[in-house]
Amino acid sequence: MRLREFNDPRQWVGFDTGSLPIVQTALRTIQRKIRWPLGLTRDTGSGRWPEQEVFFKNSFLIPSANRVATTMSTVPTSPTPVWLCVFETGGQRRHSDRPRVLVASKIVRPGPELEAMLDRSKRLKNRQVTKVLYDLMPEHHEPGGKDNPFILPVQKEDCRQAKGRLCTELMAKGYTIGNDLTVWHLYLVELKPPQRPRQQHTGYLYVGQTSLSVVERIEQHRLGPAYPWKGKHKHSRDCHKGFLQPRLDLIPEQFQQTYFSKESALIAEADLRLHFERLGYKVRGGKERYEQQKKSS
C-alpha cells in the first residue's frame, strides 16, 4: 500500500480538517523520499524494519500552531520480496584478481530491472558501484536467488543470516567487502632446545598465523613483556621463553601464500605443525585446529 492511498484525512489519527494542505504536502514529501511500501517502512533512526504492523512515529514535524499527529492507525503489511545482490565497486583490493564488492539485499529482481536501478541510483554511483556480479550471487533456486527471494518481514532473520554467510564465503575467496583489508600469513620461529630433553628431535619450532605483518608479530614474541603495548600481553609465553631466531626459510612453498580468512589460516597453521612433526621436529603453537586436522590427515 503506497502513501498516496492515505490522502483521505479520515485515516489519520487526531486529524485537524483545517490542515489538509499541510498534510498533503507532507505526504508528497515522504512519498518522494521513501520508495518502499508504507507498512514495511524502515525506522529512519535505526535503519531496521519494524517488528509490528505500525507506521513509524514522529517521522516528520509540521511547523504549524495546529500540528497534525503523524501516528497512523495500524496498517496491514504486504509481503515484499527481497533478493541478495552483489555489485562490483572501486577501491583498494585484498587480491589483485578479485574485485572489491558490495553485498546488499534489494527489492528489485535481478535482471533488467536491477540493471536499470543501477543506472539511475545516485547512492550506488556514490559508492563507486560499476556493475552487477551475477556469478557471485546465489543460484536461481537458492534462498535469495532470482527465483527464490526472501519475503519480508517474515523472513527478515533468514535474509540477514544468508547475507552474512555470503559475505563470509566471498571474503574467504579473497574478495574485498567494505573497508576490511585483513589478510593472514604463517610464520615460523626456532626455539632453544631444553636443557634436559626427554627424547631427541630434529629441532624445536613455534608455528603461528597472524593478520599483522610477519616481522611485527615475530618481534612481539621476541620482546615479550617489553613490547610497547598497553593491556594484555601480545606474545606467546612458550615462544618468548625459548625464542632463538625466525625461520621463515623453512616454510614450504605451499604454506607461503596469503590467506583471506582466519579459519583458513588456522587450518593451514595446524597443517604446518603436522608437517614438521612428521619430519621429527618438536612443534609448539598451531593448537586451535590441530586435533581436527590430525584426525583428517
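The values are calculated or read from the model by the stated rules, or taken from the named source; none is laboratory data. If you're wondering where the values come from, they're calculated on a predicted model, not measured in any experiment. In this analysis, Cβ positions are derived from the backbone assuming ideal geometry, glycine residues included, and neighbour counts consider all displayed protein chains.
Filter segment 173-197 down to the residues that are of a type in the set (A, V, I, L, M) and either farther than 27 Å from residue 251 by Cα or loosely packed, with under 14 Cβ neighbours inside 10 Å (or both) and list them by number. Before you say what the answer is, go through the steps one by one.
Pass one, segment 173-197, residues of a type in the set (A, V, I, L, M): 177, 181, 183, 186, 188-189, 191.
Those that are of a type in the set (A, V, I, L, M) and either farther than 27 Å from residue 251 by Cα or loosely packed, with under 14 Cβ neighbours inside 10 Å (or both): 177, 181.
Among residues of segment 121-147 being assigned to a strand (DSSP E or B) and of a type in the set (A, V, I, L, M), the one that is modelled with the highest pLDDT is 132.
Quick check on segment 155-172. Is at least one of its residues more than 20 Å from the chain's Cα centre (by Cα) and loosely packed, with under 13 Cβ neighbours inside 10 Å?
Here is the first cut: in segment 155-172, the ones more than 20 Å from the chain's Cα centre (by Cα) are none.
Scanning segment 155-172, I find no residue that is more than 20 Å from the chain's Cα centre (by Cα) and loosely packed, with under 13 Cβ neighbours inside 10 Å, so the answer is no.
Residue by residue, here is whether (1) closer than 25 Å to residue 89 by Cα; (2) in contact (Cβ under 8 Å) with a residue 24 or more places away in the chain; (3) not assigned by TED's automatic domain parsing to the domain that holds residue 104 holds:
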site: 148; (1), (2), (3): no, no, no
site: 162; (1), (2), (3): yes, yes, no
site: 208; (1), (2), (3): no, yes, yes
site: 214; (1), (2), (3): no, yes, yes
site: 217; (1), (2), (3): no, yes, yes
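Residue 224: within 12 Å of residue 187 (Cα to Cα) and either modelled with pLDDT under 95 or in a loop (DSSP other than H, G, I, E, B) (or both), yes or no? When the stated conditions are applied, residue 224 does not pass them.
Inside segment 231-267, residues that are within 30 Å of residue 166 (Cβ to Cβ) and either touching a Cys at 6+ places or on another chain (Cβ under 9 Å) or of a type in the set (Val, Ile, Thr) (or both) make up a count of 2. Would you tally the residues in segment 247-276 being closer than 19 Å to residue 183 by Cβ, in contact with a Gly (Cβ under 7 Å, 6 or more places away or on another chain) and either in a helix (DSSP H, G or I) or at pLDDT below 95 (or both)? Number satisfying all stated conditions: 3.
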